[in-house]
Amino acid sequence: MNKKIAIVGAGFSGAVIANQLAQAGYTVEVFESRPHIAGNCHSERDAETGVMLHVYGPHIFHTDNERAWEFVNRYAEFKPYVNRVKAITKGQVFTLPINLLTINQFFGKTMGPAEAEEFLQSLGDKTIENPTTFEEQALRFVGRELYEAFFKTYTVKQWGLEPSELPASILKRLPVRFNYDDNYFSHKYQGMPADGYTALVENIINVPGVTVHLNTRFDPDLKSDYEHVFYSGPIDAWFKHAEGRLPYRTLDFETFRATGDYQGNAVINYCDNEKPYTRITEHKHFSPWEKHEKTICYKEYSRQCEEKDIPYYPIRLARDKQQLELYVNLAKKEPNVTFVGRLGTYRYLDMDVTINEALMTADKFLDAAREKSKMPAFVIDPLA
């Protein structure tokens with residue numbers, strides 16, 4: 001039996017699957033088109049400041065998934081880290097997510113939790129019974145003033161679309177709290193790998209039986225040389241964009257350095273049109289256990305992804321999902337190839353979900369091998 005496996009992409013999906021299959025006795029070759037592993041989570045020391053830089057923008061690990069948390073802690077020391085986001089709008093600095101401090105500060109009040117909840121309900125648009133768009137969801141939940149101050153313009157900058165064009169489901173990820181908790185995430189486990197994400201991925205992938213080929217694109221015509229291929233690149237690229245390019249947003253970063261502490265916080269969002277960028281991130285604050293005299297920051301700009309750009313966020317409007325369905329149908333006809341991860345399934349995935357799905361994919365493959373059954377093109381339905 002041919003026990004050679006090809007994995008395309010050395011981000012979390014590829015590294016975790018490689019780790020699990022190599023430990024099960026398979027010979028695994030990982031093909032990565034970039035000069036480094038870890039995908040968009042790649043981190044490295046900035047030569048000038050010594051700061052651990054999140055090269056493709058900040059990544060903060062947060063999860064309720066015990067298996068994913070246990071897995072990453074096996075391969076790296078995680079330091080406690082709480083993401084506390086600030087937002088600038090209408091010439092003032094506020095705390096996100098919207099909480100009791102934000103509400104009281106914005107409206108010049110001193111309300112308690114019950115009073116604030118009742119107040120916010122009074123601002124919500126009761127005529128919207130079943131919100132279907134981002135805009136309707138926001139107007140229903142928080143009313144026009146908070147919507148226009150914190151969400152409307154920021155959303156246009158982030159997605160390049162009016163909130164009335166986006167699905168309501170996007171706003172479900174943005175909670176409103178009626179207490180003073182300013183932890184951006186509400187998950188049980190939150191942290192940062194002490195030595196950065198690339199060191200974590202290196203430890204995951206550095207097991208006997210795994211060979212990594214950097215700066216190497218995988219040729220789909222070679223798939224018959226392997227028992228199975230796990231593909232974490234863009235699903236449309238595998239099929240040479242036969243049904244057109246799936247739309248993504250990409251990010252541009254304007255890097256600048258300074259002495260001392262530039263903004264006093266890791267992340268500050270710019271929610272109005274005063275600035276063209278969506279946020280400024282100051283990377284030394286992502287490693288608060290380290291001390292650095294100098295600092296490095298990113299001004300972050302979002303735009304439509306072009307052919308030569310790095311894809312970040314799948315857009316997944318209704319028309320995009322129709323196009324995706326064409327690719328899913330093609331993928332299901334592709335023998336011995338499984339599509340995984342954010343790009344392979346065209347879904348927005350946090351790191352913990354990516355890792356857990358990769359573990360599930362490896363489990364499924366090993367079970368299928370034992371039972372001599374067919375490995376599916378998708379372990380998770382991209383259209384769900």
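Odds and ends about this structure:
- For the chain, size of Cβ-based charge dipole, Lys and Arg +1, Asp and Glu -1, in debye: 240
- Remark on Val212: its backbone amide H falls under 5 Å from those of Val30, a criterion applied only to residues 5 or more positions apart or on other chains, H modelled at 1.01 Å from N.
- Extension reserve of the Leu366-Ala384 stretch, reckoned as 0.36 nm per residue once the Cα distance is removed: 4.0 nm
- Taking each residue as 0.36 nm, the span from Asp261 to Lys332 lengthens on full extension beyond its C-alpha to C-alpha distance by 20.4 nm.
- Computed [θ] at 222 nm, deg cm²/dmol, the chain (DSSP H ≥ 4; -39,500 (n - 2.57); rounded to nearest 500): -9000 deg cm²/dmol
- Using bins of 5 Å that start at zero, the share of Cα-Cα pairs per bin across region 154-269 amounts to 2, 6, 8, 11, 14, 16, 15, 13, 8, 4, 2, 0, in whole %.
- Counted over all Cα-Cα pairs of region 85-173, pairs farther apart than 23 Å make up 22 percent.
- To the nearest ten degrees, helix 134-146 and the longest principal axis of the Cα atoms of the chain are 30 degrees apart.
- Rounded to the nearest 10 degrees, the angle from helix 318-332 to the longest Cα principal axis of the chain is 20 degrees.
- Here the spin labels are modelled as points 7 Å beyond Cα on the Cα-Cβ line, and at Gln304 and Glu129 they lie 3.7 nm apart.
- Once the Cα atoms are used to define both axes, helix 351-371 deviates from the longest principal axis of the chain by about 30 degrees.
- Mean separation of Cα contacts under 8 Å (6+ apart) over length of region 85-173, as relative contact order %: 23
- The alpha-carbon of Lys374 sits under 17 angstrom from the alpha-carbons of these lysines, leaving out residues fewer than 8 places away in its chain: Lys3, Lys4, Lys223, Lys332, Lys333, Lys364.
- Evaluated at q = 0.11, 0.15, 0.22 Å⁻¹, a Debye calculation over the C-alpha positions of region 261-384 (equal weights, vacuum) places log10 I(q)/I(0) at -0.61, -0.89, -1.26.
- Chymotrypsin sites (Phe, Trp or Tyr not before Pro) within region 247-319, DSSP loop, no more than 14 other Cβ atoms inside 10 Å: Trp289
- Gaussian network model of the chain, springs between alpha carbon atoms under 10 Å - residue of Gly191, Gly112, Gly209 with greatest fluctuation: Gly112
- For the pair His187 and Glu293, label points projected 7 Å from Cα toward Cβ lie 3.7 nm apart.
- Taking θ as phi - 60° and the Karplus parameters 6.51, -1.76 and 1.60, the scalar couplings of region 152-169 work out to 4, 5, 4, 5, 4, 5, 6, 10, x, 9, 5, x, 6, 9, 9, x, 4, 4 Hz in sequence order, x denoting glycine and proline.
- Assuming charge only on the beta carbon of Lys and Arg (+1) and of Asp and Glu (-1), the dipole of region 85-173 about its Cα centre is about 340 debye to the nearest 20.
- Converting phi to 3J(HN,Hα) with the Karplus coefficients 6.51, -1.76 and 1.60 and the offset θ = phi - 60°, region 263-272 yields 10, x, 7, 5, 10, 10, 7, 10, 8, 10 Hz in sequence order, with x at every glycine or proline.
- The slack in the chain from Glu274 to Asp221, taken as 0.36 nm per residue of separation less the alpha-carbon distance, amounts to 14.1 nm.
- Loop sites in region 270-356: trypsin sites (Lys or Arg not before Pro), DSSP, at most 11 other Cβ within 10 Å: Lys291, Lys308, Lys333
- The order of Met192, Met111, going from fewest to most other C-beta atoms within 10 Å of their C-beta, is Met111, Met192.
- Distance between the 7 Å Cα→Cβ label points at Thr211 and Leu317: 4.6 nm.
- Low-density loop cleavage sites - GluC sites (Glu not before Pro) in region 1-95, where at most 16 other Cβ are within 10 Å (DSSP): Glu48, Glu77
Readers should treat all values here as calculations from the given coordinates under stated rules, not as data from a laboratory. All values reported here derive from a predicted model rather than from experimental measurement. Please note: Cβ atoms are built from the backbone with ideal geometry, for glycine as well, and neighbour counts cover all protein chains shown.
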